[in-house]
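Below is the structure I would like to discuss, written out as structure tokens.
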Amino acid sequence: MKTLKYISLLLITVLTFSSCSSNGDDETTKVEENPMEDFFLLKELNYEGHSVELYSENKTQFEIGYTPIYIRIKDKVTENYVENANITWKPMMHMEAMQHSAPSSKVMATDDPSIYKGYIVFQMPGNTTEYWDITFNYTLNGEAISKTERIDVVSPSDGFKRVNTFMGNDDTRYVLAYVDPVAPEVTLNDMTAVLHKMETMMEFPVVENYTIEIDPRMPGMGNHTSPNNEDLTYSTQTSMYNGKLSLSMTGYWKINMKLLNQDGEVLKGEDVTEDNPESSLYFEIEF
Amino acid sequence: MKTYSNRLAMSMLSQKIIVFFCLVCLSGTVLQAQEKQIDSLGLLPVYLDEVLLIGHVKELKYQTGQKPLATLDEYLEGAQKVNMIKRGAYAWEPSLNNMTSERLVVTIDGMQIFGACTDKMDPVTSYVDVSNLKEAQIQSSQQGAVLGNTIGGGINLTLHKNKFENNGLTATVENAYESNNNLRVIGADVGFEGERFYANGDIMYRKADNYYAGGGEEVEFSQYEKYNVSLNTGYKVEEGKRLLATLIYDEAKDVGYPALPMDVSLARGIISSISWEQDTFLGVLTNWETKGYYNYIKHVMDDTQRPDVAIHMDMPGWSETVGFYSQANYTNSNHFVTIKADGYYNRSYAEMTMYPNNPNEENMFMLTWPDVRTLNTGLYLEDLISLNNKQSLLLSTRFGVHRNTVADDFGFNSLKIFYPEIERTNNRLLKSFSAQYKKDIHAFTVSVGGGYGERAPSVSEGYGFYLFNSYDGFDYVGDPDLKTEASVEANTAVSFKKKNIELKLEANYFYLPNYIIGVVDSEFAPMTIGAQGVKIYTNLDHAQLFNTSIQTEWQPINRLVVKATASWHRGTDSEDENLPLISPLAYKTSVSYSKSGYSGTVLVNGNAAQENFNPTYGEMQTDAYTVVSATFGKRFFVAGNNLYAKAGVENIFDVNYTTFTDWNSIPRMGRNMFVTLSYSIN
């Protein structure tokens, strides 16, 4: 009985302390937590001695458009997740007559050094004869490894356009993809997009210092536009384009855009007017 | 999205309970100091601008001129100082000194109540019926501050209450018919009066079809249907101490608004109060009255009956208010002091759901009133000083604290689109002062006065989100950072009374710093399909209003009364542009004759052409018009009880006309014949 009493006392003490400590400070209580618990496992690549896990924050499969991917490499021997893996990747679309890559970011470690993050912008879905694969290069226990895995990329179920691949007036091919807001609200949302150009079939560098003008409209509401939008401008910090997207009500919105280069020349897109209800460059959202 | 209303209703209920307890505690502490009870307002008739008897058929029987079962709107329109803005045949909006809802304080028996419609389709006067009421007390400018913070004045609709007299059971049945819009009115009233207890219940039902303008043109969507049930009881605890309770349930359905793009499928009001009255209190104070009240308004706009709507919308709104007031008088040889403490807490919430024509698209939803909570508490002091037999001075002041909070996150975030730095809560101190001097000089009475008052922006002015105004075709957006609007007012009146003739000349002038009105902001695009643009509620530097009138009454022979009034008004903003909805030269004359149960009245009224109008606010010039009406009444005795019959013709010559008060210039009713029968059993 006495031991039980002590144990329960101890338990209470532990509980009290752990509940007092703020979430960020106390690493010991987090040890057993799976940091990827709230993420969706898109694919697990199993190899001898290790596995590679690919996660999405909010999607259950690879979809076309801007796709942030979280990566973990598990050492099956030590049961640990690998740090300093120096991951690089290369997505590839295998079409019947040709193959090409896609815009992608570097893969960087997150705050948790065993979790890596990067994004790929898939321009098109795969089908029975055409498919995507990703080649991963990384080091594990001093050994350089390269693996290529085929993945299924599908169109989003809502069918909305969140990536534009187009030829600009400067005869350059661009890929413009919607990043944020993932969960739009009736407010002045922070909006983010990524812009890459297709230098070769394999190289898609980030385009810097252009301007993306936005004009969100509700076609179902007489093409109503919302006030106080801010055009998207380039941020060297994130290598993305940031602006403000104002949404005055819920429903279906078409975000009409114009892409301007450093000199303010329009490369793609038109003004929305009475006679021209939409730009040829646009994103679609609904909430 | 649809769950918003339910969630709010729940939270409001708990809030209600909390506030009610606060109220009880507060009244407990405030009221340690008071007592005697007479109808306090009845003591100051000299300073009440106008009292309009509405009443019960019992008191109205011998009145001439008015239709006994007219709507409250029609009664108010008969008042000298009041104009009624019309968007259809129902729910007219009162305007006093050419100022409407936001600038007035309109109370029901002293209770604050606010409409739930973002488009002003439900002025508070639409939630009562004449069967509930005793009179309308109309007080100009800061004299209305006894009711609350105001700029233009106050209208208090006092409820009918029975007496503690041994009259036993009484009953009245009323019935009316009007030809023009096939209006049917049925009313019944049953009451019991005893020495210690009274109870009275009444019901009134009105149903009208579309009306026809002069010349026979049908005004589509002008129908309405309304019923009103009320109950009031009183219990005399002991001599000089009474407990009173009232409950009103008012519901209008299928109300057409020909001047607007939408109708109303439901407008429901529940108005309740409990009051404690004591003739004397603590030996020093008299007429101590304390009231706690709660009212609930639900208003549902409906466009499903309209052909050619660009997009179908649901626009329900809710307004709930809990409040209290406690007032008492102190009297000595030449002072008559009124002390009043009051407070209310209101919640205004309105939403809009739009159904896209493309069925694959999600519904579009926005909050047009983001659940704005208003807490207003005030202290009012008034001293009527009789300097001598011939002179008196009335001083009054009110201090109020007004607090607005945006309670709903969705609505708060929505407003950030326009105001990224918006704060949840906004506090204002509202002040009011006035002085009124009156002197009798032989047959003349001269009065001069002045006042200063302030008001907070209304919910729409402060927090409205894309409110479409069909008058000027703009979407209105509120501004939470609006400055407090103020009023500096001066007035003077001279009246002359001798034998059978009475003459009164009156004028008042308002200088209104920070006048709030919608100003076009071309930077913004409208939301409503077909709207012209967006107007943001803005403080103008100032606006000015001038009203003047002449009233005469002459009794050339016994039983014959001739009345004539004329008024002229002017309103301009800081750029000297005309303000909207300002009356042109208006006149009204009547000749009444009554004898042994018979009564008859011929009424002529009209306006000159509207010289000063402003197309920026959607106004079109209205032409001059003259309308003639006549009524005839007769009292019979049937089986020892009173049967009163009244009949009349309005707009005898079927003139097709519209006035400055008619929203979108919809034509007024053409020739209309009415007959009213009321039978009371004692």
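The values are calculated or read from the model by the stated rules, or taken from the named source; none is laboratory data. No experiment lies behind these values; they were computed from the predicted model shown. Here Cβ is always computed from backbone atoms with ideal geometry, including for glycine, and neighbour counts include all displayed protein chains.
Let me spell it out: the conditions are (1) more than 14 Å from every other protein chain (Cβ to nearest Cβ); (2) polar (S, T, N, Q); (3) buried (at least 21 other Cβ atoms within 10 Å of the Cβ); (4) out of contact with any helix residue (DSSP H, G or I) (no Cβ under 6 Å at 6 or more places or on another chain), and residue B:326 meets all of them except one. Which number is the exception?
Result: residue B:326 passes all but (4).
Go through region B:385-412 residue by residue and tally those that are within 14 Å of chain A (Cβ to nearest Cβ) and either among the polar types (S, T, N, Q) or surrounded by fewer than 18 Cβ atoms within 10 Å (Cβ to Cβ) (or both).
Residues in region B:385-412 being within 14 Å of chain A (Cβ to nearest Cβ) and either among the polar types (S, T, N, Q) or surrounded by fewer than 18 Cβ atoms within 10 Å (Cβ to Cβ) (or both): 1 in total.
Filter region B:176-219 down to the residues that are of a type in the set (Asp, Glu), surrounded by fewer than 21 Cβ atoms within 10 Å (Cβ to Cβ) and more than 21 Å from residue B:163 (Cβ to Cβ) and list them by number.
Within region B:176-219, B:209, B:217, B:218 meet the criteria.
So which of B:583, B:549, B:599 is touching a residue at least 60 places away in the same chain (Cβ under 8 Å) and closer than 22 Å to residue B:631 by Cβ?
So the residue among B:583, B:549, B:599 that is touching a residue at least 60 places away in the same chain (Cβ under 8 Å) and closer than 22 Å to residue B:631 by Cβ is B:599.
Can residue B:536 be described as within 14 Å of chain A (Cβ to nearest Cβ) and either in a strand (DSSP E or B) or acidic (Asp, Glu) (or both)?
Taking the combined requirement at face value, the residue satisfies it.
While we're on this one: Take the residues in region A:195-235 that are away from chain B (no Cβ under 14 Å), part of a strand (DSSP E or B) and touching a Pro at 6+ places or on another chain (Cβ under 7 Å); name whichever of them is surrounded by the fewest Cβ atoms within 10 Å (Cβ to Cβ).
Of everything passing the filter in region A:195-235, A:197 is surrounded by the fewest Cβ atoms within 10 Å (Cβ to Cβ).
Name every residue in region A:241-287 that is within 14 Å of another protein chain (Cβ to nearest Cβ), touching a strand residue (DSSP E or B) at 6+ places or on another chain (Cβ under 6 Å) and either over 25 Å from residue B:354 (Cα atoms) or among the polar types (S, T, N, Q) (or both), in order of residue number.
A:243, A:246, A:250, A:256
Yes/no matrix, rows are residues, columns are (1) touching a helix residue (DSSP H, G or I) at 6+ places or on another chain (Cβ under 7 Å); (2) at pLDDT below 90; (3) over 27 Å from residue B:545 (Cα atoms):
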| site | (1), (2), (3) |
| --- | --- |
| B:68 | yes, yes, yes |
| B:79 | no, yes, no |
| B:86 | yes, no, no |
| B:93 | yes, no, no |
| B:102 | yes, no, no |
| B:121 | no, no, no |
| B:134 | no, yes, yes |
| B:142 | no, no, no |
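So, restricting to strands (runs of 3 or more DSSP E) that lie completely within region B:125-241, which ones have at least 2 residues that are hydroxyl-bearing (Ser, Thr, Tyr) and touching a residue at least 40 places away in the same chain (Cβ under 8 Å)?
Qualifying strands (runs of 3 or more DSSP E): B:168-178, B:224-238.
Continuing with the same structure: Got at least one residue in region B:513-530 being at pLDDT 95 or above and over 24 Å from residue B:418 (Cα atoms)?
Checked region B:513-530: at least one residue is at pLDDT 95 or above and over 24 Å from residue B:418 (Cα atoms).
Right, next: Only one residue in B:471, B:452 is closer than 26 Å to residue B:122 by Cβ, touching a residue at least 40 places away in the same chain (Cβ under 8 Å) and either more than 14 Å from chain A (Cβ to nearest Cβ) or in a strand (DSSP E or B) (or both). Which one?
B:471
Enumerate the pairs (first residue in region B:299-319 and within 21 Å of residue B:114 (Cβ to Cβ) and touching a residue at least 60 places away in the same chain (Cβ under 8 Å); second residue anywhere and outside any loop (DSSP other than H, G, I, E, B) and of a type in the set (Phe, Trp, Tyr)) with beta-carbon separation below 8 Å, excluding pairs fewer than 6 apart on the same chain, so at least 6 apart or on different chains.
Within 8 Å, the pairs are B:299/B:318; B:317/B:349; B:317/B:369; B:318/B:296; B:318/B:349; B:319/B:296; B:319/B:349.
Would you say residue B:541 is away from chain A (no Cβ under 14 Å), in contact (Cβ under 8 Å) with a residue 40 or more places away in the chain and more than 30 Å from residue B:441 (Cα to Cα)?
Considered against the rule, which asks whether it is away from chain A (no Cβ under 14 Å), in contact (Cβ under 8 Å) with a residue 40 or more places away in the chain and more than 30 Å from residue B:441 (Cα to Cα), residue B:541 comes out as no.
Is there a residue being touching a Gly at 6+ places or on another chain (Cβ under 6 Å), in a strand (DSSP E or B) and of a type in the set (Phe, Trp, Tyr) anywhere in region B:631-643?
Yes, the conditions are met somewhere in region B:631-643.
What's the number of the only condition in (1) over 30 Å from residue B:335 (Cα atoms); (2) touching a Lys or Arg at 6+ places or on another chain (Cβ under 8 Å); (3) part of a strand (DSSP E or B) that residue B:245 fails to meet?
All conditions pass for residue B:245, except number (2).
Then there is this: Residue B:307: in contact with a Lys or Arg (Cβ under 8 Å, 6 or more places away or on another chain), farther than 29 Å from residue B:430 by Cα and either away from chain A (no Cβ under 11 Å) or not in a strand (DSSP E or B) (or both), yes or no? Spell out how you get there, then give the answer.
Working: in contact with a Lys or Arg (Cβ under 8 Å, 6 or more places away or on another chain): no; farther than 29 Å from residue B:430 by Cα: yes; either away from chain A (no Cβ under 11 Å) or not in a strand (DSSP E or B) (or both): yes.
Against the criterion (in contact with a Lys or Arg (Cβ under 8 Å, 6 or more places away or on another chain), farther than 29 Å from residue B:430 by Cα and either away from chain A (no Cβ under 11 Å) or not in a strand (DSSP E or B) (or both)), residue B:307 does not qualify.
Now, a different point. Can we say residue B:647 is touching a strand residue (DSSP E or B) at 6+ places or on another chain (Cβ under 9 Å) and modelled with pLDDT under 90?
Spelling it out, residue B:647 is indeed touching a strand residue (DSSP E or B) at 6+ places or on another chain (Cβ under 9 Å) and modelled with pLDDT under 90.
Follow-up. Looking at (1) surrounded by fewer than 21 Cβ atoms within 10 Å (Cβ to Cβ); (2) more than 28 Å from residue B:283 (Cβ to Cβ); (3) not β-branched (Val, Ile, Thr), which one does residue B:336 not meet, given that it meets all the others?
(2)
Of all the residues that make up region B:450-460, how many are surrounded by fewer than 24 Cβ atoms within 10 Å (Cβ to Cβ) and over 21 Å from residue B:432 (Cα atoms)?
Going through region B:450-460 one residue at a time, the tally reaches 0.
Residue by residue through region B:413-444, note down the ones that are touching an Asp or Glu at 6+ places or on another chain (Cβ under 9 Å), outside any loop (DSSP other than H, G, I, E, B) and within 14 Å of chain A (Cβ to nearest Cβ).
Listed by number, the residues that qualify are B:413, B:414.
Take the residues in region A:143-161 that are basic (Lys, Arg) and touching a residue at least 40 places away in the same chain (Cβ under 8 Å), then tell me which one is farthest from the other protein chains (Cβ to nearest Cβ).
A:147
Filter region A:162-181 down to residues that are surrounded by 14 or more Cβ atoms within 10 Å (Cβ to Cβ) and over 20 Å from residue A:100 (Cβ atoms) and give me whichever is nearest to the other protein chains (Cβ to nearest Cβ).
Selected residue: A:181.
Confirm whether residue B:575 is part of a strand (DSSP E or B), acidic (Asp, Glu) and either surrounded by fewer than 19 Cβ atoms within 10 Å (Cβ to Cβ) or without any contact (Cβ under 8 Å) to a residue 12 or more places away in the chain (or both).
Criteria not met by residue B:575.
Then there's this: Looking at region A:92-113, is at least one residue in contact with a strand residue (DSSP E or B) (Cβ under 8 Å, 6 or more places away or on another chain), over 24 Å from residue A:156 (Cβ atoms) and buried (at least 19 other Cβ atoms within 10 Å of the Cβ)?
Scanning region A:92-113, I find no residue that is in contact with a strand residue (DSSP E or B) (Cβ under 8 Å, 6 or more places away or on another chain), over 24 Å from residue A:156 (Cβ atoms) and buried (at least 19 other Cβ atoms within 10 Å of the Cβ), so the answer is no.
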